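*Asks:* One structure is given below, represented as structure tokens, and several questions about it will come after.
The values are calculated or read from the model by the stated rules, or taken from the named source; none is laboratory data. In this text, all values refer to a predicted model and were calculated from it rather than measured experimentally. Methodologically, a virtual Cβ is constructed for each residue, glycine included, from the backbone with ideal geometry; neighbour enumeration extends over all protein chains shown.
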Amino acid sequence: MDSTQSNILLTTLNARYTHSAIGLRYLFANLGELQNDAAICEFTINDNIQDIAEKLLACNPKIIGLGVYIWNALQSAELVATIKSVSPETVIILGGPEVSYLPMRVNFEAADYIVQGEGDTAFYELCKAVLGGLSPTAQIIRAALPDLSSIKLPYDYYTDEDVANRYIYVEASRGCPFLCEFCLSSIDEKVRNFDIDIILEHLEKLWQRGVRSFKFIDRTFNLNIKIASSLLDFFLAKCHTPEGPCFVHFEVIPDHFPDALKERISQFPPASLQLEIGIQTLNLEVAKNIHRNLKLEKIEKNIRFLENETTAHMHLDLIVGLPDETLESFGRNLNQLCAITGSEIQIGILKKLSGTTLNRHDQQFGMVYSDKPPYDILKSDRLSFEDIQKMKRFARFWDLFYNSGNFKQSIRLLWPDADVFEKFHAFSIWIYSQTNSTWKISLERLAELLFNYLATQGHSKDQLAEVMLNDIMKLEGRKVPNFLKTFAHAKPEPSTKKASAFNKRQVRHT
């Protein structure tokens, strides 16, 4: 979309270049007669704020619509202040989750208007009023919930560049039926579904344009079995065409996998289907504290099925710092999950988001949070500040060593007795003592750290080298790390595992 001269610019700061903003495309799709005078301009949080302001203002827009999220809130506030300082006549309209709930802990007073809630059509109405000289007097506008059957869908507005280089985000429903206190989705209205036949038509158009990686943002993909089955059938058929393979990501609830879904999921080829499964805690008392309904037997049964009878790549979530959760109980959660699956386990730090009811636990459990994004917990009466800091590093190193799939077999040598948490906790403390950092550590350096640590635990270097070479050389095109060359007596067989730009991580786990 040409943005050289546009009255309305839609923009946001994505976390990285490969991400795309589906929200901006919804707004653009529903601009009606104003669409011809509008454009989308996306940036990243690593771009210079003044450079962004310069590029936006070079288009002489009358209105800038800015999507604000937890990952870009501080940069967005700086961008708003910069634009208003040099071009006060430019009208800035904010929207997105970070400005939709009170209290706002980042100062956005410089913005002209804030649209709270689903702004698909509310943004159009506001722009029409502003351009027509009928501007509302209130800064905050609460959007009415749009009718999903009447709004225009955004998928035609992914560009060829998006198709070639970015994740394509799609959705078949909005809302969540659950009441988990840490999650903004618990505030949503009941689950609302798009017309599945129309969604399938748009998916087919995207496929014909060359899209091979689809990330669904639905909170509960497997809630409606008819819709879920239709989508799985669509992608199953695509996986077995000459134009395939494809990669599709769904967020699912862990206790609802009827046979109709199991049968379909079991047919997907490796590295083509990713399921994000929100576990958060396996502690029944902690789950009860935050209004999270746990059906442990069903959860374990379904995860074992996905692990043992499908090639689906699982991405399970655990949270550190929930009310009344201790390090010991978190450790039991991790050990229990690792005993039933070898898939990714994403370890997150609890955040207190505006709009949620987590604050009701603050006094009872001594919960203290940062007032700056991402509003993560600093301490509680169960976890000290030092504990939390160590667990942040634990989570980062866990992602680098375990979740990455780069050390699929060698990392398991850390815990021969199956006490994953204790052994990796000690390892993470040791790594930090060696690096004094959790960022910008090369793959070769990570491998050497793991090799040296395991060698101190009594493992033979020759055996370690063999396992580690098998891990590292799993993907096509990799070179033997320098520190392992003396152990590579024979040149490793070239890998036959090929990955697309968007499923390398999943291929490493196969």
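*Asks:* I'd like the full set of residues that are of a type in the set (Ser, Thr, Tyr), in contact (Cβ under 8 Å) with a residue 24 or more places away in the chain and assigned to a loop (DSSP other than H, G, I, E, B), limited to region 438-462.
*Replies:* Matches in region 438-462: Thr438 only.
*Asks:* Further, regarding this structure: Only residues that are part of a helix (DSSP H, G or I), surrounded by fewer than 19 Cβ atoms within 10 Å (Cβ to Cβ) and touching a residue at least 40 places away in the same chain (Cβ under 8 Å): list them for region 186-205, please.
*Replies:* Ile187, Ile198, His202, Lys205
*Asks:* For the list (1) crowded, with 18+ Cβ neighbours inside 10 Å; (2) part of a loop (DSSP other than H, G, I, E, B); (3) in contact (Cβ under 8 Å) with a residue 60 or more places away in the chain, I need the number of the one condition that Ile151 fails.
*Replies:* (1)
*Asks:* Taking interchain pairs and intrachain pairs at least six residues apart, which have beta carbon atoms under 9 angstrom, with the first residue in region 262-288 and farther than 26 Å from Ser404 by Cα and the second among the basic types (Lys, Arg)?
*Replies:* Close Cβ pairs satisfying both conditions: Asn283/Arg332; Val286/Arg292.
*Asks:* Okay, moving on. Scanning for something in a helix (DSSP H, G or I), free of Cβ contacts under 8 Å to residues at least 40 places away in the same chain and of a type in the set (Lys, Arg), does region 391-409 turn up at least one residue?
*Replies:* No: region 391-409 contains no residue that is in a helix (DSSP H, G or I), free of Cβ contacts under 8 Å to residues at least 40 places away in the same chain and of a type in the set (Lys, Arg).
*Asks:* Any idea which residue in region 155-185 is modelled with the lowest pLDDT, counting only those that are of a type in the set (A, V, I, L, M) and either surrounded by 19 or more Cβ atoms within 10 Å (Cβ to Cβ) or within 22 Å of Asn14 (Cβ to Cβ) (or both)?
*Replies:* Leu184
*Asks:* Still on this structure, I have one more. Restricting attention to region 354-361, does a residue exist that is at negative phi, surrounded by 19 or more Cβ atoms within 10 Å (Cβ to Cβ) and in contact with a strand residue (DSSP E or B) (Cβ under 6 Å, 6 or more places away or on another chain)?
*Replies:* Checked against the condition, which is being at negative phi, surrounded by 19 or more Cβ atoms within 10 Å (Cβ to Cβ) and in contact with a strand residue (DSSP E or B) (Cβ under 6 Å, 6 or more places away or on another chain), region 354-361 yields no hits at all.
*Asks:* Residue check: is Ser370 in contact with a strand residue (DSSP E or B) (Cβ under 8 Å, 6 or more places away or on another chain), among the hydroxyl-bearing types (Ser, Thr, Tyr) and surrounded by fewer than 15 Cβ atoms within 10 Å (Cβ to Cβ)?
*Replies:* yes
*Asks:* Can you pull out the residues in region 342-371 that are at pLDDT 95 or above and of a type in the set (Ser, Thr, Tyr)?
*Replies:* Hits for region 342-371 are Tyr369, Ser370.
*Asks:* Considering only region 206-255, how many residues are polar (S, T, N, Q) and free of Cβ contacts under 8 Å to residues at least 24 places away in the same chain?
*Replies:* 2
*Asks:* Sticking with this structure for a sec: Can you say whether Asn308 is free of Cβ contacts under 8 Å to residues at least 12 places away in the same chain, under 27 Å from Gln506 (Cα atoms) and not acidic (Asp, Glu), as far as the supplied structure shows?
*Replies:* Criteria met by Asn308.
*Asks:* When you scan region 95-110, do you find a residue that is of a type outside the set (Ser, Thr, Tyr), in contact with a strand residue (DSSP E or B) (Cβ under 7 Å, 6 or more places away or on another chain) and closer than 13 Å to Thr11 by Cα, even just one?
*Replies:* Yes, there is a match, as at least one residue in region 95-110 is of a type outside the set (Ser, Thr, Tyr), in contact with a strand residue (DSSP E or B) (Cβ under 7 Å, 6 or more places away or on another chain) and closer than 13 Å to Thr11 by Cα.
*Asks:* Kindly indicate which of Thr311, Thr356 is closer than 25 Å to Cys176 by Cα and among the hydroxyl-bearing types (Ser, Thr, Tyr).
*Replies:* Answer to the selection: Thr356.
*Asks:* How about region 301-326: which of its residues are touching a helix residue (DSSP H, G or I) at 6+ places or on another chain (Cβ under 6 Å), surrounded by 18 or more Cβ atoms within 10 Å (Cβ to Cβ), outside any strand (DSSP E or B) and not small (Gly, Ala, Ser)?
*Replies:* Ile303, Thr310, Leu322, Pro323, Asp324, Glu325
Residue-wise test of (1) under 30 Å from Ile279 (Cβ atoms); (2) among the acidic types (Asp, Glu).
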| residue | (1), (2) |
| --- | --- |
| Val80 | no, no |
| Gly96 | yes, no |
| Val99 | yes, no |
| Asp160 | no, yes |
| Ser173 | yes, no |
| Phe182 | yes, no |
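*Asks:* Take the residues in region 182-210 that are touching a Cys at 6+ places or on another chain (Cβ under 7 Å) and small (Gly, Ala, Ser), then tell me which one is farthest from Arg292 (Cα to Cα).
*Replies:* Ser185
Residue-by-condition table, conditions (1) at pLDDT 95 or above; (2) touching a Phe, Trp or Tyr at 6+ places or on another chain (Cβ under 8 Å):
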{"site": "Asn289", "(1), (2)": "no, no"}
{"site": "Arg292", "(1), (2)": "no, yes"}
{"site": "Lys295", "(1), (2)": "no, no"}
{"site": "Ile303", "(1), (2)": "yes, no"}
{"site": "Leu318", "(1), (2)": "yes, yes"}
{"site": "Pro323", "(1), (2)": "yes, yes"}
